Amino acid sequence: MIDLDGSDGGGQLVRTALTLSALDGEPFRMDRVRGNRPNPGLKRQHLACVEAVAALTEADVEGATVGSETLKFDPTVRPDAPDSPDEVAVDIGTAGSVTLVADTLLPLATRVDGPVRADLTGGTDVRWSPSTDYLRRVKLPLLRAFGLEADVAVERRGFFPAGGGELAVRLRPATLDPIELDAHGGDTPDGNAPGADAPSSAPVGVSVHAVAATDLDGGDTADELADTAVTELDDRGIDDDAAATTASVDADSPGTVLTVAVGDAPDSAAGASRIASRAGFVAYGDADASPSSLVATAVDGVERWLATGAPVDAHLADQLVVWLALAGGAVPIPRVTDHVRTNVDLVSEFGYDVAIERRAEGMPTIVSS
């Protein structure tokens, strides 16, 4: 059994440990779960991850209670076993993030023996987690280009505080290619530098995705949000013709979410060799949030990222650690965050050769052999 210390990180360490334990059939014990957080121990969304992976691996689990600072997880069935479960349903019971539960399950596609479906209920678009459109339009297209066979469907949106959103995750057997990305020059997609320090070559494509509850401003909030974002991207010289999608949705709580996706990540049929970059920037709002403030949050993120020259944003960087451990490859990142560092340390505990090196003119790079 692998002994892990969860005190240096948050829920991501729990999710990564669950994923790798399921894939390798290796039990673990994690002490001091979320030990450096103001409210340490497991929360409902972490327990949902435990419940989902445990159901698919028929695991023996100890410590799976709210507030527990010790978790013991021992999978008894590998995902590719002939009699392994192929369906799971998990209700977080709060607005805890279902996209983070999905992140825990997606790598299991590399080991499943047939189709697997997970129905997840909770918050689909909540703060401190990827939005549903970030997952569907930023992360999944990138991973599909390197061999992932999975899709995510939104059955119902769920905002804070009520949650009640529904996400359907479908996995199919997949074999990954090494994930190799290069630093780009830092220009905007239409060739205009966002700042004096920006280098010279460009990622391609910007898309705007705005979602709002129907009971906000008569259902016009999503359209206003998208229009404001498209205009702001043009005014800043980032993109003069960004594509936009909008949705006005029924939800148990009023809420809005804006996701701006940047870069090039074709589906696997187009070939991984065409991948240049992929990044996403999210802003969440409630009934009192102004479209201009949400747009400023997201577009400021785009502008800062474009100037770095990295092929992925900082949040996607730490999410790719598990995938690099499984597939191999190298991905330059904007900066070494605590999430990146602690996740690299944790996958190393499971025996994977992953490190952070300085490459691409000093840019930190996650490398896995």
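The values are calculated or read from the model by the stated rules, or taken from the named source; none is laboratory data. Source: prediction; values computed, not measured. For neighbour counting, all protein chains shown are included, and Cβ atoms are generated from backbone atoms with ideal geometry for every residue, glycine included. Quick note on the areas: whole protein, heavy atoms, side chains included, nothing else; ligands and nucleic acids left out. Shrake-Rupley method; radii C 1.70, N 1.55, O 1.52, S 1.80 Å.
Before moving on, here are some points about what is shown:
- Magnitude of the charge dipole for segment 50-111, about its Cα centre and with charges confined to Cβ atoms of Lys, Arg (+1) and Asp, Glu (-1), is about 180 debye.
- For segment 19-94, the set of GluC sites (Glu not before Pro) satisfying both a DSSP loop assignment and a count of at most 15 other C-beta atoms within 10 Å is given as 58.
- Modelled spin labels at residue 335 and residue 235, positioned 7 Å past Cα toward Cβ, are 2.6 nm from each other.
- Placing unit charges on each Cβ (+1 for Lys and Arg, -1 for Asp and Glu) gives the chain a dipole about its Cα centre, and among 247, 90, 343 the Cα reaching farthest toward its positive end belongs to 343.
- Mean separation of Cα pairs under 8 Å and 6 or more residues apart, divided by the residue count, gives segment 76-122 a relative contact order of 58 percent.
- Our analysis of segment 294-349 gives Rg over Rh at 1.04, with the two radii drawn from alpha carbon positions and Rh computed by the Kirkwood formula.
- Carbon/sulfur fraction of accessible area - segment 238-369, other protein chains in place, 1.4 Å, %: 44
- Modelled this way, with points 7 Å down the Cα-to-C-beta line, the labels at residue 358 and residue 293 are 4.1 nm from one another.
- Working from Cα pairs under 8 Å separated by at least six residues, relative contact order for the chain is 14 percent.
- Contour excess over end-to-end distance, with Cα ends at residue 80 and residue 3 and 0.36 nm allotted per residue: 25.2 nm
- Kyte-Doolittle mean at least -0.5, axial Cα span of 18 Å or more - DSSP H helices of the chain: 11-24, 44-57, 221-235, 291-308, 314-327
- Here the Kirkwood formula, the inverse mean of 1/r across different C-alpha pairs, assigns segment 110-187 a hydrodynamic radius of 14.1 Å.
- Our summary gives segment 297-369 a relative contact order of 33 percent, counting only alpha carbon pairs under 8 angstrom and 6 or more residues apart.
- Enclosing the Cα atoms of segment 67-144 in their convex hull gives a volume equal to 120 cubic angstrom per residue.
- Cα-based radius of gyration for segment 219-369, normalised by 2.2 N^0.38 Å, reads 1.20.
- The per residue volume of the convex hull around the alpha-carbon atoms of segment 1-87 is 72 Å³.
- DSSP beta bridge pairing in the chain, given as percent antiparallel to the nearest 5: 70
- Of interest is the spacing of the C-alpha centroids, which for segment 31-98 and segment 282-301 amounts to 32 Å.
- Within segment 81-129: Cβ-based charge dipole about Cα centre, in debye rounded to nearest 20 (Lys, Arg +1; Asp, Glu -1): 220
- DSSP beta bridge pairing in segment 231-330, given as percent antiparallel to the nearest 5: 90
- Computed FRET value (nearest 0.05) for residue 177 with residue 220, which takes r as the C-beta separation and R₀ as 41 Å: 0.40
- Volume of the Cα convex hull of the chain, divided per residue and given in Å³: 121
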